[in-house]
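The values are calculated or read from the model by the stated rules, or taken from the named source; none is laboratory data. For clarity, every value in this text was computed on a predicted model and none was experimentally measured. Cβ: placed from backbone, ideal geometry, glycine included. Neighbour counts: every protein chain shown.
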Amino acid sequence: MEEILEEKKKGNNVAEKPVEDDYTGGDIEILSGLQGVRKRPGMYIGSTNLTGLHHLVWEILDNAVDEAVNGFGNKITVTLWKDGSVSVEDEGRGIPVDVMPSTGKPAVETIYTVLHSGGKFNSNVYQTSGGLHGVGTTVTNALSEWCEVKINKGGFSHFIRFANGGLLDKPLEVIGKTNKHGTTCRFKPDPKIFPNTKFSYDTIANRLEERSYLCTGIHFILKDEATGNTNEYYCEHGLKEYVVAMNKNKTPIGDVIDFEDDVNGIKVEIAMQWCFKDYKETILSYANEVRTTDGGTHEQGFKTSLTKTLNDWATNNGLQKNGQTIAGEDIREGLTVVISLKIPEGKLEFEGQTKGKLGSPDALPAVASVVAKSFTYFLNEHNAFAIDLIKKCSEARDAREAARKAKEVARGTKKKTNNDFMISDKLASAQSKDYKENELFIVEGDSAGGSAKTGRDRLHQAILPLRGKPLNTENVSIQKISENLEFSTLINTIGAGVGQDFNIEDSKYGKIIIMTDADDDGSHIQALLLTFFYNFMKPLIDAGMVYIAQPPLYRVYKKSDPSKHVYCWNDDELAKAKDKIGAGYGINRYKGLGEMNADQLAETTMNKKTRQLLQVVINNPIIVEKKISTLMGADSEPRWQWIQENVSFDTIEDDYTNEMRGKKNG
Ligand code: 0RA
């Protein structure tokens, strides 16, 4: 989706570079390559929103990590500079600087200006490619206002500079002597490409933390020159510490179990731990440090082998109740596992539209054999744990069976009664049966609910008002949730089940939109609802179907003619609106949804053509896991503050937002 958005957007953002006339054939190729990236940034970095902006850093960072993972240097420093630039410094061998006979140019210049040239210089066994599209340094350079590279190598310090979207600005030169070695790349993202060029310290910190778990023995340092903030991440027992971090504030069963082996050149590392009172499974998988959000052969191998290994062990030890086996989903309830594979170049295959799925066939038997061997050994060595675990899994199965039976009974009765009434008397449902097109607005407060019901598009928009704060669902069983009126209503309304039984295909809505006031209480309600969706309907979030509505903060109008008005979502827009309306303006500051009438609410927040929505996207599992459990697990005051500053989920703009931005800019 993002790429389509970018197609729409680029017309607004991308400036054409004047073509100069003294270029050789090779230069023209370079120029058109760089221009191609600038014309369609979405194709290379996914989008030009904040996620895309940070891709520029990931591309550079991953090269530095590659170098360190392959044994060259063990310290990587990322610095945010006051001028808005960022640098990544490593202590590796230094990018090659010698002139290449084929181009007559220094290798570093080629690596920075020719797409897909990076790999040719790199003979590392395991190549990482954390940039979603793995296109490397050229893309970062092309999308930067300027980009400077300093290389310490062979006794000398070298420097090269690019500007205006990747064009050579200062040719490579020796600037001094040094006995150090390593590469520093510093660049400033181009504001002509990115609407927002401000890097987020937290986003980069989380990425470095994640990397530190996957690449042990490397010191990752982050510094912010503007604030003086600094963090260092370093792990010796990577995945184990990753799982500990994920399960912080939960009730683990035993220590983290971890194993590691090499099968036909594929290095498999796994760390896992079960927790009580956690009813979901959390599987994080990686291939060569790339997160595989859509799973793939390694996850398949893990699941199949885990199920078989535990069942075999239970059977062999006479622990299966009535000879029943345990299903995989019941074994994985409450399990947190990180699977990381290092696969040699030739065997590495990614699949799917976003390349988020591992396709390498060899990964399946490799992981399966490691699990079978090592987990069997572990169970034999830890009998008490094994017995507890099997008991827990059987209980999960029994609970699921009971829930299924209850649901069947409920379904039987439901058919006999008025469907809408059974769902909720508060729900104003949508008329269309084209469920994918339908949207469910979960609205804070009955009064806003009333305006929303009046102002909605009755064909496709349904309104479910919430009374008060929803239950905090962290560490709460499905049983308890079903007894909660607010959540059982929501579960019935969505109509696709809950927990392990949730089936996204049955969802009666294509978009679930949380609409709250833009204040502390509103963010708390958002966090509580997101916690519920995350714990019990995670596939909705994974599919990008959960959104947060964005009511405006102000309306600026002309006093002499209030029909002339502009809505504003932030202070920048407010300043511009004042200018636009000119002398004699008035301002409405909206403190809550209830202050807007039905028309205003519809126009600003609900109408597909004019609203702004934030899509809830989980970019970094560590933050979500850690923060949800810290925040929602303990009821401490600073929570408000925190939610205000960092919603636990990264949000990206949906298509309509961009359409609207386009309009505003144009
Ligand atoms: C290719 C070959 C050599 C080093 C590198 C690439 C290299 C690339 C990057 C990117 C960021 N930091 C880097 N450090 C090294 C080896 C060249 C040699 O042995 O002379």
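Could you tell me which residue of the stretch 539-560 is farthest from ASN196 (Cα to Cα), considering only residues that are of a type in the set (D, E, K, R) and modelled with pLDDT of 90 or more? Spell out the reasoning first.
Taking the stretch 539-560 and keeping what is of a type in the set (D, E, K, R), we get 542, 555, 558-559.
Retained after the next criterion (residues that are modelled with pLDDT of 90 or more): 555, 558-559.
Numbers: ARG555: 23, LYS558: 30, LYS559: 33 Å.
Residue satisfying both the conditions and the ranking: LYS559.
Let's see how each residue does on (1) under 20 Å from PRO465 (Cβ atoms); (2) among the charged types (D, E, K, R):
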site: GLN550; (1), (2): yes, no
site: LYS558; (1), (2): no, yes
site: LYS564; (1), (2): no, yes
site: GLU573; (1), (2): no, yes
site: LYS580; (1), (2): no, yes
site: LYS591; (1), (2): yes, yes
site: ASN597; (1), (2): yes, no
site: LEU601; (1), (2): yes, no
site: GLN612; (1), (2): no, no
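Hey, can you tell me all the residues within the stretch 75-108 that are in contact (Cβ under 8 Å) with a residue 60 or more places away in the chain, part of a strand (DSSP E or B) and among the hydrophobic types (A, V, I, L, M, F, W, C)?
If the condition is that a residue be in contact (Cβ under 8 Å) with a residue 60 or more places away in the chain, part of a strand (DSSP E or B) and among the hydrophobic types (A, V, I, L, M, F, W, C), then ILE76, VAL78, LEU80, VAL86, VAL88 are the ones that fit.
Out of the stretch 283-304, which residues are surrounded by fewer than 22 Cβ atoms within 10 Å (Cβ to Cβ), part of a strand (DSSP E or B) and of a type outside the set (A, V, I, L, M, F, W, C)?
Passing the criteria: only ARG291.
It is to be established whether one or more residues within the stretch 186-199 are within 28 Å of THR138 (Cα to Cα), within 16 Å of the ligand (Cβ to nearest atom) and not small (Gly, Ala, Ser). Spell out the reasoning first.
We begin by selecting, within the stretch 186-199, every residue within 28 Å of THR138 (Cα to Cα); these are 186-199.
The next check asks that each one be within 16 Å of the ligand (Cβ to nearest atom); those that pass are 186-187.
Pick out the ones that are also not small (Gly, Ala, Ser) and you get 186-187.
For the stretch 186-199, residues within 28 Å of THR138 (Cα to Cα), within 16 Å of the ligand (Cβ to nearest atom) and not small (Gly, Ala, Ser): present.
So for the stretch 535-558 (the condition being touching a helix residue (DSSP H, G or I) at 6+ places or on another chain (Cβ under 6 Å), charged (D, E, K, R) and outside any helix (DSSP H, G or I)), does at least one residue qualify?
Yes, that holds for at least one residue.
Can you tell me which residue in the stretch 566-586 is nearest to the chain's Cα centre (by Cα), limited to those that are assigned to a strand (DSSP E or B) and either among the hydroxyl-bearing types (Ser, Thr, Tyr) or surrounded by fewer than 19 Cβ atoms within 10 Å (Cβ to Cβ) (or both)? Quick ask: steps written out before the conclusion?
So in the stretch 566-586, the residues assigned to a strand (DSSP E or B) come out as 566-568, 585-586.
In the following step, the residues that additionally are either among the hydroxyl-bearing types (Ser, Thr, Tyr) or surrounded by fewer than 19 Cβ atoms within 10 Å (Cβ to Cβ) (or both) were identified as 567, 585-586.
Values: TYR567: 30, TYR585: 41, GLY586: 40 Å.
Taking the candidates together, the pick is TYR567.
Go over the candidates THR77, THR103 one by one and state the one that is at pLDDT 95 or above and more than 10 Å from the ligand (Cβ to nearest atom). Show your work before the answer.
Numbers: THR103 fails: at pLDDT 95 or above.
Just one listed residue meets the conditions, THR77.
Looking at (1) buried (at least 17 other Cβ atoms within 10 Å of the Cβ); (2) within 16 Å of the ligand (Cβ to nearest atom); (3) in a strand (DSSP E or B); (4) within 26 Å of the chain's Cα centre (by Cα), which is the one condition that is false for ARG211?
Going through (1) buried (at least 17 other Cβ atoms within 10 Å of the Cβ); (2) within 16 Å of the ligand (Cβ to nearest atom); (3) in a strand (DSSP E or B); (4) within 26 Å of the chain's Cα centre (by Cα) one by one, ARG211 breaks only (3).
Tell me, which residue of the stretch 32-61 that is in a helix (DSSP H, G or I) and in contact with a strand residue (DSSP E or B) (Cβ under 9 Å, 6 or more places away or on another chain) is nearest to the ligand (Cβ to nearest atom)? Write out each step before concluding.
So in the stretch 32-61, the residues in a helix (DSSP H, G or I) come out as 32-39, 41-45, 50-61.
Still in the running and in contact with a strand residue (DSSP E or B) (Cβ under 9 Å, 6 or more places away or on another chain): 34, 50-51, 53, 56-57, 60-61.
Numbers: LEU34: 19, LEU50: 24, THR51: 22, LEU53: 20, LEU56: 14, VAL57: 13, ILE60: 7, LEU61: 9 Å.
My answer is ILE60.
Cβ-Cβ below 9 Å, separation at least six or inter-chain, first residue in the stretch 23-45 and of a type in the set (Phe, Trp, Tyr), second at pLDDT 85 or above and not in a helix (DSSP H, G or I): which pairs?
From residues that are of a type in the set (Phe, Trp, Tyr), the pairs are TYR44/LEU143.
Considering the stretch 111-149 alone, what residues qualify as being within 11 Å of the ligand (Cβ to nearest atom) and either at pLDDT 90 or above or part of a strand (DSSP E or B) (or both)?
Hits for the stretch 111-149 are ILE111, TYR112, THR137, VAL149.
Identify the residue in the stretch 80-100 that is more than 8 Å from the ligand (Cβ to nearest atom) and among the acidic types (Asp, Glu) and, among all such residues, is nearest to ARG207 (Cα to Cα).
Among residues in the stretch 80-100 that are more than 8 Å from the ligand (Cβ to nearest atom) and among the acidic types (Asp, Glu), the one nearest to ARG207 (Cα to Cα) is GLU89.
Here are GLY217, GLY238: which of them is more than 16 Å from the ligand (Cβ to nearest atom), touching a residue at least 12 places away in the same chain (Cβ under 8 Å) and in contact with a helix residue (DSSP H, G or I) (Cβ under 6 Å, 6 or more places away or on another chain)? Break it down stepwise before answering.
Details: GLY217 fails: in contact with a helix residue (DSSP H, G or I) (Cβ under 6 Å, 6 or more places away or on another chain).
Answer to the selection: GLY238.
Confirm whether PRO195 is within 22 Å of the chain's Cα centre (by Cα) and either among the basic types (Lys, Arg) or assigned to a loop (DSSP other than H, G, I, E, B) (or both). Explain how you work it out, then say what you get.
On the way: within 22 Å of the chain's Cα centre (by Cα): yes; either among the basic types (Lys, Arg) or assigned to a loop (DSSP other than H, G, I, E, B) (or both): yes.
The answer is yes for PRO195.
Looking at the stretch 514-532 only, could you name the residues that are surrounded by fewer than 23 Cβ atoms within 10 Å (Cβ to Cβ) and either part of a loop (DSSP other than H, G, I, E, B) or without any contact (Cβ under 8 Å) to a residue 40 or more places away in the chain (or both)?
Selection gives ASP517, ALA518, ASP519.
For the list (1) free of Cβ contacts under 8 Å to residues at least 60 places away in the same chain; (2) within 24 Å of the chain's Cα centre (by Cα); (3) more than 25 Å from ASP294 (Cβ to Cβ); (4) surrounded by fewer than 21 Cβ atoms within 10 Å (Cβ to Cβ), I need the number of the one condition that LYS558 fails.
Tallying (1) free of Cβ contacts under 8 Å to residues at least 60 places away in the same chain; (2) within 24 Å of the chain's Cα centre (by Cα); (3) more than 25 Å from ASP294 (Cβ to Cβ); (4) surrounded by fewer than 21 Cβ atoms within 10 Å (Cβ to Cβ), LYS558 fails exactly one: (2).
Taking the stretch 456-469 as the region of interest, how many residues are in contact (Cβ under 8 Å) with a residue 40 or more places away in the chain, under 22 Å from ASP521 (Cβ atoms) and crowded, with 20+ Cβ neighbours inside 10 Å?
The number of residues fulfilling the criteria is 2.
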